[in-house]
Amino acid sequence: MTMNFKRRLPIPMEIREAMPLSPEVAAKKPAFDAEVASIICGESPKRLLIIGPCSADREDSVLDYMERLAAVQERVADKLLVVPRVYTNKPRTRGTGYKGLLHNPDPEGEPDLLEGVRAIRRMHLRVVETTGMFTADEMLYPANYQYLIDLLSYVAVGARSVENQEHRLVASGIPVPVGMKNPTGGSTAVMLNSIYAAQAPQTFIYRNWEVETTGNPLAHALLRGYVGLDGINYPNYHYEYLERLVQRYEEKKYDNPAVIIDCNHDNSGKRPLEQPRIVNEVLDSVNRSTDIAKIFRGFMVESYIEDGNQPVGGGVYGKSITDACLGWPKTERLILDIADRL
């Protein structure tokens, strides 16, 4: 039971300087961020679609997927703003197994966090510079956010992290929207308390600095379903749940009340082929209720090139090695159908 300090890792500024975003692409980020923010604030009629693999495990297949995604984005740009989901670190319920590109740049190799911090930067850089779309990732480790600060246009705080004080306080200083997931037990109160904390100014210690934030008015709800006390998956995207969320938002003063629906995880019972059905049910609720329409901002979808998932080392190109995903042909159809319905 010891903690061994193996080697010093580069600080985020060193990694960003060694692996910079080109000035031409960097100049496009303020406009992209402003469009994302205008959707979260309800000022834009467009909706967000945060979409991509459960985990960004290898550059070749992820970039292949993202190039396909960029081509579809051009066809739906009047209705949807696509934010590529490039998740490079994965929470594990029991703390073991594949933890994502940050820990395992080679999914079949030993952990290598020095190469991992370079690998996550390189993956996001290549997606941004290849597609022109800025990315989303989960803030599993708050101290690591700075490695990607100039590339991310959306950040998620996961179900296992949302009650953590440091995640809430760091989210209050992030200059892009932060989706606060409901916890695995489903508590709306925990999620809303996290949003409230993230929207408030905060003072805390971060990376050995005393820092102050102004609060993040773009923090919002991200519904992903939950696991009941009976161990069964339960969705929280149904009409009645969204109605209750509207009411809870109205009970206290929140900036920009908003919700994004995560269509996989416990909402689908980890059955990714159910995601199109969930999208359609949510859009039915939006069309039926002006109150729900006022807070609805878009979807998060897990998709890759091939349907389903496989074990690490399974060898199928473009197939998830973590949670099962929706394959590309169904994904393309889903994106076009969402745009049609909007």
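The values are calculated or read from the model by the stated rules, or taken from the named source; none is laboratory data. Treat the numbers as computed from the prediction; the structure is a model and nothing was measured. Counting neighbours? That spans all protein chains shown, and the Cβs are built from the backbone with ideal geometry, glycine included. The area values use the complete protein model at the heavy-atom level, side chains included, leaving out ligands, DNA and RNA. Shrake-Rupley method; radii C 1.70, N 1.55, O 1.52, S 1.80 Å.
Just one of the numbered conditions (1) closer than 26 Å to residue 190 by Cβ; (2) open to solvent by 30 Å² or more (accessible area, probe 1.4 Å) is not true of residue 103; which one?
Of the numbered conditions (1) closer than 26 Å to residue 190 by Cβ; (2) open to solvent by 30 Å² or more (accessible area, probe 1.4 Å), the odd one out for residue 103 is (1).
Do we find that residue 108 is of a type outside the set (A, V, I, L, M), in contact (Cβ under 8 Å) with a residue 40 or more places away in the chain and either in contact with a Gly (Cβ under 9 Å, 6 or more places away or on another chain) or not in a loop (DSSP other than H, G, I, E, B) (or both) in this structure?
So residue 108 fits the description; yes.
Among the residues of the stretch 54-71, write down those that are among the hydrophobic types (A, V, I, L, M, F, W, C) and within 18 Å of residue 154 (Cβ to Cβ).
Those that are among the hydrophobic types (A, V, I, L, M, F, W, C) and within 18 Å of residue 154 (Cβ to Cβ): 54, 56, 62, 66, 69, 70.
Looking only at the stretch 130-180, count every residue that is touching a Lys or Arg at 6+ places or on another chain (Cβ under 8 Å), farther than 24 Å from residue 299 by Cβ and buried (at least 24 other Cβ atoms within 10 Å of the Cβ) and tell me the total.
1
Could you give every pair whose Cβ atoms fall below 6 Å, whose first residue belongs to the stretch 305-317 and is of a type outside the set (D, E, K, R), and whose second residue is part of a loop (DSSP other than H, G, I, E, B) and loosely packed, with under 11 Cβ neighbours inside 10 Å, counting only separations of at least 6 or pairs across chains?
313/108
Please pick out the residue among 260, 338, 278 that is among the aliphatic types (A, V, I, L, M), crowded, with 21+ Cβ neighbours inside 10 Å, more than 17 Å from residue 84 (Cα to Cα) and in contact (Cβ under 8 Å) with a residue 40 or more places away in the chain.
Answer to the check: 278.
Does the stretch 4-23 hold any residues that are more than 25 Å from the chain's Cα centre (by Cα), farther than 14 Å from residue 144 by Cα and in a loop (DSSP other than H, G, I, E, B), and which are they?
4, 5, 6, 7, 8
Identify all residues within the stretch 195-231 that are part of a loop (DSSP other than H, G, I, E, B) and either more than 23 Å from residue 253 (Cα to Cα) or open to solvent by 60 Å² or more (accessible area, probe 1.4 Å) (or both); write none if there are none.
Within the stretch 195-231, 201, 207, 208, 214, 224, 225, 228, 229, 230, 231 qualify.
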